[in-house]
Amino acid sequence: TIVSGSTALRLVLPANACNWQTSDLDIYVPHNNQAQLYNLLHKHHYTIIRNGNYNVKNYSPSTIFTVTTFGNNQKVIDVIVSTTALALSPIFQFHSTAVMNFFSADSLYCAYPSLTLRHRAMIN
């Protein structure tokens, strides 16, 4: 399981370069770990706000299986479930290199550090 999106970008960029508020948390999980993450979120009082469709055809040819939004009246978490055994598969299919950053329990990764640190990106 990994975290990406604006939360990961805030960790990659210097603190003085982050002049925006993170609006949600984007958690990526492999399909075979989906139930465990959903149970953990429910245990911490998050409920489903928007249930993703379990239909791979909706995101074809992407490796996204579904996207489900959870909330607790204060915070929002988007859970992106990968069709593969790798949580990070969908990240490299995004529209821009600016969002190809993620972190796990023990690592921080930036796919295009020279562009990202100069506030530049390429269209994918």
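For the stretch 94-124, enumerate the residues that are of a type in the set (S, T, N, Q), open to solvent by less than 90 Å² (accessible area, probe 1.4 Å) and without any contact (Cβ under 8 Å) to a residue 60 or more places away in the chain.
Residues satisfying the conditions are Ser96, Thr97, Ser107, Ser114.
Looking at the structure I just gave you, is Phe65 of a type in the set (Phe, Trp, Tyr), under 19 Å from Arg10 (Cβ atoms) and modelled with pLDDT under 95?
On the way: of a type in the set (Phe, Trp, Tyr): yes; under 19 Å from Arg10 (Cβ atoms): no; modelled with pLDDT under 95: yes.
So Phe65 does not fit the description; no.
How many of the residues in the stretch 13-32 are open to solvent by 30 Å² or more (accessible area, probe 1.4 Å) and modelled with pLDDT of 85 or more? Walk me through it before giving the result.
If we filter the stretch 13-32 for residues that are open to solvent by 30 Å² or more (accessible area, probe 1.4 Å), which is where we start, we get 14-16, 19-25, 31-32.
Narrowing further to those that are modelled with pLDDT of 85 or more: 25, 31-32.
Number of matching residues: 3.
For the stretch 80-92: of the residues being polar (S, T, N, Q) and within 13 Å of Val67 (Cβ to Cβ), which is surrounded by the fewest Cβ atoms within 10 Å (Cβ to Cβ)? Let's see the steps before the verdict.
Our first condition is that a residue be polar (S, T, N, Q); within the stretch 80-92, this holds for 82-84, 89.
Checking the rest, the ones that are also within 13 Å of Val67 (Cβ to Cβ) come to 82-83.
Values: Ser82: 24, Thr83: 17.
Once the filter is applied, the top-ranked residue is Thr83.
Can you tell me which residue among Ala35, Ala105 is modelled with pLDDT of 90 or more and assigned to a loop (DSSP other than H, G, I, E, B)?
Just a single option satisfies the conditions, and that option is Ala105.
Between residues in the stretch 1-29 that are assigned to a loop (DSSP other than H, G, I, E, B) and residues that are open to solvent by 30 Å² or more (accessible area, probe 1.4 Å) and modelled with pLDDT of 90 or more, which pairs lie under 7 Å by C-beta distance while being six or more apart or on different chains?
The qualifying pairs are Thr1/Asn33; Asp24/Val76.
The values are calculated or read from the model by the stated rules, or taken from the named source; none is laboratory data. Because the structure is predicted, anything quoted here is derived from the model rather than measured. When we count neighbours, we look across all protein chains shown, and the Cβ atoms used for this are built from the backbone with ideal geometry, even at glycine. Ligands, DNA and RNA are stripped out before the accessible areas are found, and what is left, the full protein with its side chains, is counted by its heavy atoms. Shrake-Rupley method; radii C 1.70, N 1.55, O 1.52, S 1.80 Å.
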